[in-house]
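One structure below.
Just so you know, all these numbers are worked out from the coordinates, no wet-lab data involved. From a predicted model like this one, the values you see are computed outputs, not experimental measurements. Cβ: placed from backbone, ideal geometry, glycine included. Neighbour counts: every protein chain shown.
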Amino acid sequence: MSLIYDLHSHSTASDGSLRPKALLARAKSQNIDVLALTDHDNTAGLEEAEAAAGDLGVKLVPGVEISVTWNKTTVHVLGLGIRPQNDALQSGLRHLREFRNWRGEEISRRLAKAGIDGALDGAKQYASGALISRTHFAHFLVAQGHAKDLRDVFKKYLVHNKPGHVPGQWADLASAVGWIHEAGGIAVIAHPVRYKLSATRLRQLLGEFKECGGKGLEVVSSSHSLDECQAMAIQAKNFGFYATRGSDYHGPEHTWVELGKIPPLPAGCNPIWSQWNL
Ligand code: AMP
Ligand code: MN
Ligand code: MN
Ligand code: MN
């Protein structure tokens, strides 16, 4: 019998709203056999997730989603099957979280100039203390009535040319892939369509990623339409990448995304799990 895989999800260890234990319970209730927990720039949720997965009979793939700056574009690189104890990985992630702390203060200063006071303290009320994300600012801004929902608030406040935008300088591509390899994991480009790159630039990204030793492409994502999944399946084939499938679940308040409720991998893909012995 074929297993159901969801290889991209978030918990309160980054900007998800469910604790790792509750996330695993939800995965179980959605009949998922194999879940990757891939919190942004943090692995602090993996221990609780592993324990819950054992109790529930769900297989956990320990993961992380690393923030990268590639040619001025923010790109997310998933590390799947990592050993979280690895020093190189942890020191890289610690630097990214330190940058996040500074950026959170800067977002708050900029929002104050736009007439919105107390945004950092407000955002922290939606965070577990593990790290600070734009998602936490988004929750605060919606609760304060500055936008109607999470999608709307990004457009109005948190992206380029908007009052709360702070340009980021995250990890470089080679470093992120290097940390993942040091930790024994496989590097995967997350939701490739989200970066809105031209065909030429996307090929450039995938080529450089491959040169760094990257091995996977997230072909199916809740950020992709069916046509986009097909297009990414072709890219994966052209570059010889394994294909992965992930919902990028962040919690039940994002009513348009559910764990595992994304299309299957298109025919002709080489699934990353084909080489796993589960
Ligand atoms: P950060 O890594 O702190 O810059 O925050 C990025 C996170 O914000 C992503 O992982 C998403 O969870 C969320 N996000 C980014 N853009 C949007 C959007 N347009 N609508 C809703 N959530 C978004
Ligand atoms: Mn997120
Ligand atoms: Mn992402
Ligand atoms: Mn994600």
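Looking only at residues in region 87-125 that are polar (S, T, N, Q) and more than 20 Å from the chain's Cα centre (by Cα), the one that is nearest to L197 (Cα to Cα) is S108. Could you list all residues from region 84-140 that are basic (K, R) and more than 20 Å from G168 (Cα to Cα)? Within region 84-140, none qualify. Answer yes or no: is there a residue in region 5-12 that is within 14 Å of ligand 3 (Cβ to nearest atom), of a type in the set (S, T, Y), in contact with a helix residue (DSSP H, G or I) (Cβ under 8 Å, 6 or more places away or on another chain) and not in a loop (DSSP other than H, G, I, E, B). Looking through region 5-12, at least one residue is within 14 Å of ligand 3 (Cβ to nearest atom), of a type in the set (S, T, Y), in contact with a helix residue (DSSP H, G or I) (Cβ under 8 Å, 6 or more places away or on another chain) and not in a loop (DSSP other than H, G, I, E, B).
I'd like the residue in region 152-162 that is surrounded by 12 or more Cβ atoms within 10 Å (Cβ to Cβ) and basic (K, R) and, out of all such residues, is nearest to T73 (Cα to Cα). Selected residue: K162. Here D227 meets each of (1) surrounded by fewer than 20 Cβ atoms within 10 Å (Cβ to Cβ); (2) within 16 Å of ligand 4 (Cβ to nearest atom); (3) among the charged types (D, E, K, R) with one exception, condition (2). Name the single residue, out of those in region 128-144 being assigned to a loop (DSSP other than H, G, I, E, B) and without any contact (Cβ under 8 Å) to a residue 40 or more places away in the chain, that is surrounded by the most Cβ atoms within 10 Å (Cβ to Cβ). Only one residue fits best here, namely I132. Out of all the residues in region 239-270, which are of a type outside the set (F, W, Y), more than 12 Å from C229 (Cα to Cα) and in contact (Cβ under 8 Å) with a residue 40 or more places away in the chain? Listed by number, the residues that qualify are S247, D248, H250, G251, P252, E253, H254, E258, L259, G260, K261. The residues of region 12-27 that are farther than 16 Å from G79 by Cβ and either within 16 Å of ligand 1 (Cβ to nearest atom) or among the basic types (K, R) (or both), listed by number, are T12, D15, G16, S17, L18, R19, K21, L23, R26.
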